[in-house]
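Taken together, the values in this text are just the output of simple stated rules run on the coordinates, not laboratory data. Predicted model, so just to flag it, every value in this text is computed and none were measured. Glycine also receives a Cβ, built like all others from the backbone with ideal geometry; neighbour counts cover every protein chain displayed.
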């Protein structure tokens, strides 16, 4: 069975990384898959190409796909001639449907939703329009996958059809992300800080919904209480993003380290003492939290998407947008002994391995593709 993945773009993000890891895990079976990015190729696109998977671009501009981009996408679909098109993210999903309207022997279409929708008004107007158009057209496709049960409920509340929906949580690579006793010392040296300082980590691009400014405020609160902590934030846009601005305003520049996107995340994350998800909205199944758990790092997460279910009893859940609550959550872990905190982290690793395996993720998609082509 031939599958074409239609994704909005291939810059570094959770859905993009998930697609790459899925294709990588398929091994020889990846020969039956191809990828088309609406936007010009980004770093993940190159990694996909390095797997030997054919990858195309519709050369679309950001925003809702234009008629010319849709025509280019249609031409790519006709060239690949897939049995199934799997969309990824809002624009990739909608474009897959629009580009196949009126197509003879249309491929089966599956959408993959990787976003939560706590309040559609939080989204840009163009994204709101794409979401509403998708809801209207969702009855004319063969399936919708959600990586989060909360996301599924939120999207169905705005009109996404529920009859063909299926929950497939993201998979976590617990072989790539694993505990590493030496990682803390390496990370402290990289940051230029004392090795005994507590490192609170976050991996996400700079974006208002990620709310790393709240994480910085939480760090300031912990410092004021006398805790020796360092916030380490990794992702695109942080050289002059919200975290740096907040650190400057609060006078704690030296206690906030930011890095742009790095290729050695799996070596860095085990060096965190605590992972802090600060997001205010938009998360469905935050991959970075799962990776931290796999690395044996206990987590404090805001209650967005399925974050609470993801950590279970191996982390602490706090309200979004509340820096003091984030600080209190971190403090609760800091008051534990080192061994107790590490025990929580290792429990998180066991949870990830039990519930979010790549083998299960692949099997769920195989079943989904088979059902889609039978309809």
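Based on the alpha-carbon gyration tensor of segment 1-142, what equivalent-ellipsoid semi-axes (square roots of 5 times the eigenvalues) come out, in whole Å, largest first? Before the final figure, lay out the partial values.
Working: eigenvalues 99, 64, 39 Å².
For segment 1-142, the semi-axes come out at 22, 18, 14 Å.
Using only the Cα atoms of segment 254-360, what semi-axes does the equivalent ellipsoid have when each is the square root of 5 times a gyration tensor eigenvalue? Give whole Å, largest first.
Numbers: eigenvalues 71, 55, 53 Å².
Calculated on Cα positions only, the semi-axes equal 19, 17, 16 Å.
If N is the number of residues in the chain, what value comes out of its Cα radius of gyration divided by 2.2 N^0.38 Å?
Working: Rg = 20.8 Å, N = 375, 2.2 N^0.38 = 20.9 Å.
Dividing the Cα radius of gyration by 2.2 N^0.38 Å gives 0.99.
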| request: Measure nothing fancy, just the Cα-based angle from helix 323-334's long axis to the longest principal axis of the chain, in degrees from 0 to 90, nearest 10. | output: 70
| request: Starting from the Cα-Cα distance between residue 28 and residue 338, subtract it from 0.36 nm times their residue separation and give me the gain in nm to one decimal. | output: 107.3 nm
| request: For segment 236-297, build the convex hull from the C-alpha positions and give me its volume per residue in Å³. | output: 106
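With a 10 Å Cβ neighbour count serving as the proxy for reagent exposure, in which order, fewest first, do 334, 19 appear? Spell out each step's value before the answer.
Numbers: 334 17, 19 27.
With the fewest neighbours first, 334, 19 line up as 334, 19.
Could you check how many percent of all C-alpha pairs in segment 183-355 are farther apart than 20 Å? Write out the running numbers ahead of the final one.
Values: 6685 of 14878 pairs.
Across segment 183-355, Cα pairs with separations above 20 Å total 45 percent.
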| message | Can you tell me, using C-alpha contacts under 8 Å and at least 6 residues apart, the relative contact order of the chain as a whole percent? | response | 15
| task | Report the residues of segment 346-361 in range of a label on residue 313: point 7 Å along Cα→C-beta, backbone N strictly under 19 Å from it. | result | 346-356
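What percent does the relative contact order of segment 236-375 come to when contacts are Cα pairs within less than 8 Å and at least six residues apart? Walk me through the numbers on the way to the answer.
Working: 174 pairs, mean separation 26.7, N = 140.
Across segment 236-375, relative contact order equals 19 percent.
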| request: Compute log10 of I(q)/I(0) for segment 286-344 with the Debye formula, placing one identical point scatterer on every Cα and leaving out solvent, at q = 0.20, 0.27 Å⁻¹, to two decimals. | output: -0.71, -1.18
| said: Kirkwood hydrodynamic radius, segment 155-255, all distinct C-alpha pairs: what's the number in Å? | reply: 16.3
